[in-house]
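Working notes, structure below.
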Amino acid sequence: MLEQGKIDSKQAILLLISLVLPTAILTAPAITVKQAAQDAWLSIIVATMAGLLIAALVTGLSLRFPGKTLLEYAEEILGRLPGKMVGLLYIWWFLHGNALILDEYASFLCSALMPDTPVIVFFVFVTVVAALAVYSGLEVLSRFNQLFLPLVLGLLLVVFLLAAKDMEVTRLLPVFDKDAAAILKGAVIPASWFGEIVIFALLIPFLDRAEEAPRVAVTAILICGLYLLICILVVVMIFGPHVSARWIFPTFNTIRVVSIANFLERLESIAIAVWMFGGFAKIGIFYYAAALSSAQWLGLKDYRPLVAPVGVVLVALAALCRNIVELLNFLATAWPPYALGLFEAGIPLLLLVVARARGKGGRGA
Amino acid sequence: MVRFLKPRKPGMVKQSNQQVSQSRESSLPDTSWKEQVLSPDLDTNLAQIKAILDRCSDVMYREFIFAQNEQIRLALIYTDGLTDKEQISEQITKALALEVAMAAPGQEISKSRALEFIKQRGLCVNEIKQTDKIREIIQAILSGDSVLLMDGYATAIINGTRGWASRAISEPEAEPTVRGARDSFVETLRTNTALLRRRISSPNLKIEVFKLGEVTNTEVAVAYIEGIVNEKLVAEVKSRLQRIKVDAILESGYIEELIEDHPWSPFPTVNHTEKPDRAAAMLLEGRVAILVDGTPFVLTVPNLFVEHLHAAEDYYERFIFTTAVRVIRFFSAFISLTLPALYIAAVSFHPELLPTTLLLSIAGQREAVPFPVFMEVLVMELTFETLREAGIRLPRPLGQAVSIVGALVIGEAAVRAGLVAAATVIVVAFTGIASFTFAYSASIAFRLLRFTLMFLSAAMGLFGLITGVALIGIHLCSLRSFGVPYLSPAVPMTGTDLKDVVFRAPLWAMFTRPRLIARQNQERQEQNLKPAPPETRPRG
Amino acid sequence: MKKRIAALLLITFVIILAGGCWSRVELTELAIVLGAGVDLAEDGRILLTLQIARPGAFTAGSEGGGRGKEAASWVISAEGRTVPEAERFLAMKIPRHIYWGHCIILVLGEELARREGTGIVTNFYQREREPRENIYVLVARGRARDFLETYSSLERTSAQAAGFLERMKTGYTVQLRELAEMLVSRGIQPAVTAVEVTEAGTMPGQVPGGPPPPQKEVGVAGTAVFKQDKLIGWLDPWETRGFLWLKGEIMKGVIIVPGPEQPEKLVSIRIRRGKTKIIPEYNGEYPRFLVKIQVEGDMVEQQTRENLATPEKIKLLEEEMASEIKARAEAALDKVQGEYGVDIFGFGEAFHRKYKKEWRKLKYHWDEEFSRAEVEIAVDAQIREIGLLTRRAGIPEE
């Protein structure tokens, strides 16, 4: 085993929430509202359903191969060479996906908190923090997440409650103003975020009770869905669909609007600060996935020697992105087929079908 | 990797080591006596002991003659100052030289029977022990026991006559409480074990004694409650103690540094207390206490982070109040770690954080200040730390002077002169006060890290601050104390143990002991202890 | 390994400290903008005026007394083709970093609003990080610069005074984000608070001997009405009341109605709360709107001598109150619908909510549709409290 630590179900749920929520809550509302206008919340519900399906797919697949990660059973199902290919693809995706997250994170901090700071500083520092957590192992990573994520979730709720003064329910009306196609189109992006839960397939072997994996994944997706739903509702109720779609980070603008009694206001810096913990965790999990799967792919006994090289690759990849327009464009157009189609649903589905056909795997074979 | 980061050449290190060990051996006194035993001849024995205890002016030799048989010469050796002189003269010298005659009037005790007779009827001391090893004899003399040597016997009787001037049990200085026991541990190990035994009079309270320190031969006791404690933990503590090979143990801090899990961490992973009630409570939760002779501070392991934010009084005051006070303490801990850094970040990076009127007021105060806010805070923090250190080191009567100078000169004058903004003084003062609300050992760590955070915050604003806090968080998450995660029961979360973190559950609801500490014996008490007036009490 | 990591961290740290501190600006290096005004210069360029706080005047405590009279703000302007360009020209005159994070009000000059529109201004304030979404947007009757150059007796600066006036919601208040929403939406046209410089009160005793000079201060002066992003007209304060009734905004204020028996004497009713509901109807040709206004108020003064504390009289008063509100609302509606022909009430939005299919066709020429729409106003008024008195005191028993 590459990893000695074990995590309990509670920690796993929180890890999965961190895996999806921190960046989803940042840009997804605007992208979704752009497609579905005030019906964006319907899109989120659809996306949550899709997320649940992917969760079921991933956990179902993993439970057929107890104690093995995605990369290991891909080889078992497809044979050595094709399995290795799939593994390589996933490693690339973990790295590339993480680089995109890093870009998103850095450009958000850059435009919201520290305008004059070069993004490379954010890349380096965030990567160093994440590397330390990854180096200390899954246990420490999940404990760190367990320590700070409740703070993030709690603060978000409080801020949304405080913003209630400026909300108007009428901005959500009329329902079904857009047709089903628009709603589905709006659902694709959040669904691709929910689909990141596919990384869970790397963590299931380290659960202290692996049989709870489906419950864990479903709970996490539902909580993420709920948060995203609330977030979209709040954003649209404050700005209306037109303005919401035009912001880049509508949640951030929502928090800026909060002003109570001329004193409880200007909370956005605090909110960003707390949200940053979520960002650290999300990048840490992707980082861990990349390091662990690379080690498995190379057949190493320990993934720790890979932590530093993976970090360097990560920063280099992230630095390739030139500006936020490019990033947003990629997220809105190329990301869904690339991530959702291939890595989050496509390959796992293929694996499941082949496993069934070849009768591989312990359960249900 | 850069060259200067490598360790020095191994060869060089070795060489210097050899030199040291050579020079050390030549200057060391002869230690061959450690293996030797007594001879039957009193004079030889006395001469040997005198040679070993050469130039020890506090060791006394008293030779006298046994009352029942003039042929039998006796010698009593003891250390002046460590022994109860009255006991020696009453129960040993007077008894053997005079009063033995009353026990067996007219009898002549033969040399062969003398030892047995003296042990059985002659000595009035309660604690006696027989030995023939020189090492033990020397140890006994130096620990305050007196040693009786008899001509013709290759054996000695060790009498428990310890008694020295020691500090009386007084109120705890470092952990004062409003409500609760007022006694505290003292420097004498026996007194300290007695204080524990007085609170836990159970045969299950085990107190095992070791001797540590090659020169000091300090007595170290390991206390635990059998049946509650995790046996593996006891074994681990003992093995870590036995690993210690140092010349001296002068304070429990020596032990702490030599047995802790994370020597590089700024956070203490071994707790200490000077309150016997607190130590007893720790034992009852399944912890192990380490008592060291010569210090009133008792170590307890394993140590959780939250312990440092708890006080003994938390369990004596009513739980609602305690919970409220704990909220304040946790908040203070947060403040003492981050407030100056937050202030720097807000004022020099994120003015949008402050309400307009507050910002304008701070800006107005800072208008005349010639330093950047980071320098201002740094200087004020250093001043505060200096004052605090001076307050501790200073002879007590002068303490007043320091506080007057501190408050008036530094605070008032600096603000008046426009060198420091009033807001900065408020921030630094509040931070200082907040750091006194919880245990000193943890507040030291917080104070140190506060400076790091200030640097990060001055370099990169909130981003730097949060990066620092995240690093501290990861570090805390990776700590363990004797196998128990440092941040438990919060992280990893053990549901039932959250009853005693920030919220302190009422005593009648604390059914179980901490799960990760007392692994075997979880149940603390019966479940239906919630008090109620008789008419509302459920029947049956 | 640990040592190496520590050393690496240390090196990065030193590098950061040495070359870093990118976004750091000391408070003493900031010019804190409290209010910004945009006017149209003579040659068609933009005149940007900033009201900047002088922090020295804001210190409280012992020194504050001596410096109380010190001017708290500094007003300075510069021209440019765009707002950022004007800001850069200003930066050549202001020895500190211009900081927008605490800007309270954005004032648009009348000329600019009429000829160029708001669009060329507000975009900067939305895109930039520092200015906030809840800046209050105002349109000055006259020049924005004159508005910012006024002085406030109660607050330190006129920008703060205007901000507090807006917070009190005495008129129709619009924050930047709401303006943006109105600009984007087809179902509502923008309306913005109108302000003017007025002579407001005196400060007696300021000048020993002579009479106190009148103060030039800021005041709310109704509402500015926009078509797309261009100013096309005004509503005076009285019409603004009616406009607020139709919008269903938070209402404060007093309704004056004639006494039931003595119509020449008046009764004042303070409004406690109100609710407005717009019910659209569409018959395929033109839209109709039913506006239902519910209002509750407390009687605060009577000039009449009669006993108003009877159920019948209260009933009469309520009817009077309803017709008064209806008259106001109709006045505003007539002016906006008839004269300006723009939907600043959000009738289009309401229509959209109910007839989403029809809206897709109507929305492109909504203003014409709105102009010929039939609007019916129904007011339901209630009086809750009559204060501490039943009958008016000071009248001899009959």
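Readers should treat all values here as calculations from the given coordinates under stated rules, not as data from a laboratory. This structure is a prediction, so every number in the text was calculated from the model and none was measured. Cβ sites come from the backbone with ideal geometry, for glycine too, and all protein chains shown count toward neighbours.
Sparsely packed loop sites in the stretch A:179-240 (the GluC sites (Glu not before Pro) outside DSSP H, G, I, E and B with at most 10 other Cβ atoms within 10 Å) do not occur.
Just to confirm my numbers, what's the Cα centroid distance between the stretch B:259-306 and the stretch A:288-344 in Å? So the two Cα centres are separated by 45 Å.
Its Cα centre serving as origin, the stretch A:9-321 has a Cβ charge dipole (Lys and Arg +1, Asp and Glu -1) of approximately 160 debye. By DSSP, the beta bridges lying fully in the protein assembly as shown are antiparallel in about 80 percent of cases. Taking the alpha-carbon centroid of each part, what is the distance from the stretch B:451-485 to the stretch C:239-272 in angstrom? So the separation of the two Cα centres works out to 60 Å.
Think of the protein assembly as shown as having a plus end and a minus end, set by charges on the Cβ of Lys, Arg, Asp and Glu; of A:Ile54, A:Thr69, B:Val100, A:Thr69 sits farthest toward the positive end of this dipole. Relative contact order, whole percent, for chain B stands at 12, derived from Cα pairs under 8 Å and 6 or more residues apart. Among the chymotrypsin sites (Phe, Trp or Tyr not before Pro) within the stretch B:214-321, those in coil by DSSP and having at most 11 neighbouring Cβ atoms inside 10 Å are B:Trp264. Would you work out which of B:Ser332, C:Val107, B:Ala140 lies farthest towards the positive end of the dipole of the protein assembly as shown, given +1 charges on the beta-carbon of Lys and Arg and -1 on that of Asp and Glu, about the Cα centre? Comparing the listed Cα positions along the dipole, B:Ala140 ranks first. When both bridge partners sit in chain C, DSSP labels roughly 65% of those beta bridges antiparallel. The simple Förster model, with R0 at 30 Å and r as the Cβ-Cβ distance, assigns C:Ala327 and C:Thr170 a FRET efficiency of 0.90. To the nearest ten degrees, helix B:231-243 and the longest principal axis of the Cα atoms of chain B are 80 degrees apart. Placing unit charges on each Cβ (+1 for Lys and Arg, -1 for Asp and Glu) gives chain C a dipole about its Cα centre, and among C:Val38, C:Met92, C:Ile255 the Cα reaching farthest toward its positive end belongs to C:Met92. Once the Cα atoms are used to define both axes, helix A:9-36 deviates from the longest principal axis of chain A by about 50 degrees.
Placing unit charges on the Cβ atoms only, positive for Lys and Arg and negative for Asp and Glu, gives the protein assembly as shown a dipole magnitude near 2860 debye about its Cα centre.
Computed over chain B, the per-residue total of -39500 (n - 2.57) for DSSP H runs of n ≥ 4 gives a 222 nm mean residue ellipticity of -12500 deg cm²/dmol, rounded to 500. For chain C, the longest principal axis of the Cα atoms and the long axis of helix C:311-333 meet at an angle of about 50 degrees. For the protein assembly as shown, the convex hull drawn through the C-alpha positions has a volume of 307 cubic angstrom per residue. Here each label is just a point 7 Å from Cα along the line to Cβ, and for B:Ser202 and A:Arg215 those points are 3.5 nm apart. Given +1 at the Cβ of Lys and Arg, -1 at the Cβ of Asp and Glu and no other charges, the dipole of chain B around its Cα centre is 1300 debye to the nearest 20. Under Stokes-Einstein, with the Kirkwood radius over Cα pairs as Rh, the value for the stretch A:16-80 at 25 °C and 0.890 mPa s is 173 µm²/s. Spin-label pair C:Glu358-C:Thr310: with each label point 7 Å from Cα along the Cα-Cβ axis, the two points sit 4.8 nm from one another. Applying the criteria of a DSSP loop state and at most 14 other Cβ atoms within 10 Å to the GluC sites (Glu not before Pro) of the stretch C:270-312 yields C:Glu285.
Which whole-angstrom value gives the distance between the alpha carbon centres of the stretch C:148-195 and the stretch B:90-114? Result: 110 Å between the Cα centres. Straight-line reach from B:Lys85: taking Cα to Cα under 22 Å and skipping same-chain neighbours fewer than 8 places apart, the lysines in range are B:Lys50, B:Lys94, B:Lys119, B:Lys129. Partner shielding of C:102-110 amounts to 1, given as the average count of beta-carbon atoms from other chains within 10 Å of each residue beta-carbon. Which pairs, out of B:Lys238/B:Lys275; C:Lys292/C:Lys335; A:Lys165/B:Lys499; C:Lys216/C:Lys275, put more than 25 Å between their alpha-carbon atoms? Pairs exceeding 25 Å: A:Lys165/B:Lys499; C:Lys216/C:Lys275. Helical runs assigned H by DSSP (4 residues or longer) give chain A a calculated mean residue ellipticity at 222 nm of -24000 deg cm²/dmol, each run adding -39500 (n - 2.57) before division by the residue total.
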